[in-house]
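Here is the structure we will look at.
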């Protein structure tokens, strides 16, 4: 029997193929939507939740340090000249709590308190940058898991400590995990950078800003800091320096931004 003219015959195999195509397209669409949702959640986690969590933890750590420094006993009494049994050394005739100007080549023993070397990942100071509204803990080391991802600023091991001759070098995240150094580019020459410890507060003034250098430019954290990539930035003579480093541009880790400051005064607690 011949099929009627003009009537299309639909085979079962054609129906099955179309059904399979619809299932594949539907499944692919669902997979894309699911991947988009997961990606969005990951972005929210990185850009919002890690910041919230790290900032809360950093604020608690700052409060803990301030409470310890204000408690007589193991950490000493403010103004007593001791901290944990370690004497602090202030210039002769300088009242405790009074700011002391720091000559560029002053001998260390004339104004720098003696302090124990902090343990790895231990928070032991507070970095305060008024222009940025920033107040965060400083911990020993630059481990991401134990220091930087907590929203802390990390001290490069082997570099100087606050107030010491040499270079007190720090690193901090530009984005995510508290991002303490996100607004570092807003700093200008002459801005104050304060470092508080249990024995004294040290004030540095911003002196030079290197907007971009290689991530492997180790010269920027040397005792006399000078960029190996851009040698016109840095110093030639020993002094009392602070170095702040962070990733640049934002949301990348390809390069580093560097801010240098010089110690201008100290105030014993």
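When the range 202-234 is filtered for residues that are under 19 Å from the mean Cα position of the chain (by Cα) and in a strand (DSSP E or B), the ones remaining, listed by number, are 202, 203, 204, 205, 206, 208, 209, 210, 211, 212, 213, 214. Taken over the range 235-258, the residue count meeting the criterion of being farther than 14 Å from residue 166 by Cβ and either more than 21 Å from the chain's Cα centre (by Cα) or without any contact (Cβ under 8 Å) to a residue 60 or more places away in the chain (or both) is 8.
Residues checked against (1) in contact with a helix residue (DSSP H, G or I) (Cβ under 9 Å, 6 or more places away or on another chain); (2) at pLDDT 95 or above; (3) farther than 22 Å from residue 132 by Cα; (4) not in a loop (DSSP other than H, G, I, E, B):
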residue: 164; (1), (2), (3), (4): yes, no, yes, no
residue: 185; (1), (2), (3), (4): no, yes, no, yes
residue: 190; (1), (2), (3), (4): no, yes, no, no
residue: 264; (1), (2), (3), (4): no, yes, no, yes
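Within the range 235-248, if we keep just the residues that are assigned to a loop (DSSP other than H, G, I, E, B) and either in contact with a strand residue (DSSP E or B) (Cβ under 9 Å, 6 or more places away or on another chain) or modelled with pLDDT under 95 (or both), the residue that is surrounded by the most Cβ atoms within 10 Å (Cβ to Cβ) turns out to be 239.
The values are calculated or read from the model by the stated rules, or taken from the named source; none is laboratory data. Bear in mind that the values here come from a model prediction, so they are computed numbers and not experimental data. Here the Cβ is made from the backbone with ideal geometry for all residues, glycine too, and neighbour counts use every protein chain on show.
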